[in-house]
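Chemist: I am attaching a structure below and will ask some questions about it afterwards.
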Amino acid sequence: MSQTTATDRPGGEPDEAPSGIFGRILLFLRQVLGELRKVHTPTRAELVQYVLVVLVFVAFMMALISVLDLGLGQLAMLVFGEGTIAN
């Protein structure tokens, strides 16, 4: 039987939880720093591409919702009329 070590486990987590609040805080900070080391910072070209994709998507959604709003508004006017009381 082999003994599990911190390097054998996924994420390199230790076998036992640290005792005390300070040990848990230090473990948390170590894990945060480990995750920050994995972060990929986009290049300028990637960032511009991401921004353009988001802007195009937002513009498309604005147009779609505007058309639906106008269409449903017209449908409501046909169904319910102008809202005036006939005398």
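Chemist: Being at pLDDT 90 or above and loosely packed, with under 10 Cβ neighbours inside 10 Å: is that true of residue 44 here?
Modeler: It is true that residue 44 is at pLDDT 90 or above and loosely packed, with under 10 Cβ neighbours inside 10 Å.
This table checks each residue for (1) modelled with pLDDT of 95 or more; (2) surrounded by fewer than 10 Cβ atoms within 10 Å (Cβ to Cβ); (3) part of a loop (DSSP other than H, G, I, E, B).
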| position | (1), (2), (3) |
| --- | --- |
| 24 | no, no, no |
| 48 | yes, no, no |
| 74 | no, no, no |
| 87 | no, yes, yes |
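The values are calculated or read from the model by the stated rules, or taken from the named source; none is laboratory data. What you see is a predicted model; the values in this text were computed from it and never measured. All Cβ positions, even for glycine, are placed from backbone atoms using ideal geometry, and neighbour counts span all protein chains on display.
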